[in-house]
Amino acid sequence: MRSEAVELFNATVKRVDPYEAVRNFVRLRQGTLILGHGDQAEVELELDSFDRIFVVGGGKATAPMARAIEDLMGKRIDCGVINVKYGFKEELSFTEIIEASHPLPDKRGVEGTAQIMELLEKAGENDLVFSLISGGGSALMPYPANGISLEEKQAVTRELLECGASIDEINAIRKHISQSKGGQMARAAFPATTVNLMLSDVVGDRMDVIASGPFVPDRSSFQDAWAVLRKYELKDIPASIRRYLQEGMEGKVPETPTQGDPIFEKVYNFIVGSNILALEAAKEAGERMGYQCLILSSMVEGETREVAKVHAAIAKEILKSGRPLNPPACIISGGETTVTIHGHGLGGRNQEFCLACALELEDLPARVVILSGGTDGNDGPTDAAGAMVDPLTVERGKSLGLDASSFLEENDSYHFFEKTRDLLITGPTRTNVMDVRLVLVR
């Protein structure tokens, strides 16, 4: 069952390969650029009408997305700049790759974003811009607003990550202390034509949230950003950031561009890959293995430990009553949970999910396996994608002198699973469509 769980997880990652996602959506036919899934053409653009073609973007999966555009466009590309996470670089012919830090932004990310903005400012009315955005793009394309330093932006990002703020809340602040997020790259590229291709890593596939929506109209405001600070009672926010947000609320700083702004008239925004596609791959593979499969949801959010209890409860119900499926059953879910940090350990939301599940499974027969992994191959600041547990996991820990409850309280799931050898290690997958959770019951 453990081998089957890993095989199912690998199938989800393969389905959302970023290179294939772009090539399946973007095609050329006799000088016409065709954009759309399958045989459906949502937009057609004549390449001869453009003087130059530029490539920009950022995210963990952006390098293979850029390779797909280069393979399609070739020498038509004038130049390009993209930001990727350290270790996610590929060899490209026409596009410069700048490696930067994630999840906390660094100086390299700022430098790369400055180059992207400079390139966009050069784009004219007869130019075409390909924007390639994927998970992690917000942290990898930092460009602090005037008067805010990178260190101050790092400080607020760290505070937001540790307080349990949602990705929407984090991005509301990111957009409003930035010169590039929340539609501001579209403002820089105007009046060029922009094709913005996104690999979604956000619940519900909201375009304005993916990488903080650099080419998408912003739904949030300075008021929303300030409300996040008040909600979580964040006291250690740098004075420069508080001052900038207050000036924005007072109208002294321009608001991010919203729906209806003329700068978006020649911007085409598309999602080429998402979490639900990954979950469908797991369902198909699971059915081939003989499992009855159910996709629970691709939009699961909430506190990780509580979500874990729900998934473990479903496993218990299947064993007891055969609901919602008779064994062999495979329950599949996706989305992105949050961890409120209380301890000083090492881990990520997928490992924390699995450790919480392990405690719930302890008294069950050894007919259950639960896996949770990030499709990007990275769970928190660790080298693991996630973990995998069964009803014997807690006991294996005890045999090594480890108390699972204590490790959970310290948010130290990584070191627990490192000892029990339950870590899911995939290496960088170069894609990112949030998390996949699998509950197998036989």
Determine, yes or no, whether Phe9 is of a type in the set (Phe, Trp, Tyr), outside any helix (DSSP H, G or I) and either buried (at least 16 other Cβ atoms within 10 Å of the Cβ) or assigned by TED's automatic domain parsing to the domain that holds Met388 (or both).
no
Taking the stated definitions as given, is Val267 aliphatic (A, V, I, L, M) and within 21 Å of Arg442 (Cβ to Cβ)?
no
Test each condition in (1) surrounded by 14 or more Cβ atoms within 10 Å (Cβ to Cβ); (2) among the hydrophobic types (A, V, I, L, M, F, W, C); (3) in contact (Cβ under 8 Å) with a residue 40 or more places away in the chain for Ile34 and report the one that comes out false.
(3)
Take the residues of the stretch 251-284 that are assigned to a helix (DSSP H, G or I) and under 16 Å from the mean Cα position of the chain (by Cα): which is farthest from Phe215 (Cα to Cα)?
Leu279
Picking from Ala172, Ala165, the residue that is assigned to a helix (DSSP H, G or I), of a type in the set (A, V, I, L, M, F, W, C) and not assigned by TED's automatic domain parsing to the domain that holds Ala63 would be Ala172
How many residues does the stretch 230-269 contain that are of a type in the set (Val, Ile, Thr) and touching a Gly at 6+ places or on another chain (Cβ under 6 Å)?
1
When the stretch 285-295 is checked residue by residue, the ones that are in a strand (DSSP E or B) and within 24 Å of the chain's Cα centre (by Cα) are Leu294, Ile295
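Per-residue answers, yes or no, for (1) within 19 Å of Thr431 (Cα to Cα); (2) charged (D, E, K, R); (3) in contact with a helix residue (DSSP H, G or I) (Cβ under 7 Å, 6 or more places away or on another chain):
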site	(1), (2), (3)
Met207	yes, no, no
Asp218	no, yes, yes
Ala225	no, no, yes
Leu229	no, no, no
Arg243	no, yes, no
Lys252	no, yes, no
Pro257	no, no, yes
Val267	no, no, yes
Ala285	no, no, yes
On the basis of being within 18 Å of Val228 (Cα to Cα) and touching a residue at least 40 places away in the same chain (Cβ under 8 Å), does Val156 make the cut?
yes
Starting from the stretch 60-81, take each residue that is polar (S, T, N, Q) and list its partners that are not in a strand (DSSP E or B), counting only C-beta distances under 6 angstrom and pairs at least six apart or across chains.
Thr62/Ser134
Of the conditions (1) under 30 Å from Asp17 (Cα atoms); (2) at pLDDT 95 or above; (3) not in a helix (DSSP H, G or I), the single one that Ala188 does not satisfy is (3)
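The values are calculated or read from the model by the stated rules, or taken from the named source; none is laboratory data. Bear in mind the structure is a predicted one, so any value in this text is a computation, not a measurement. Cβ: placed from backbone, ideal geometry, glycine included. Neighbour counts: every protein chain shown.
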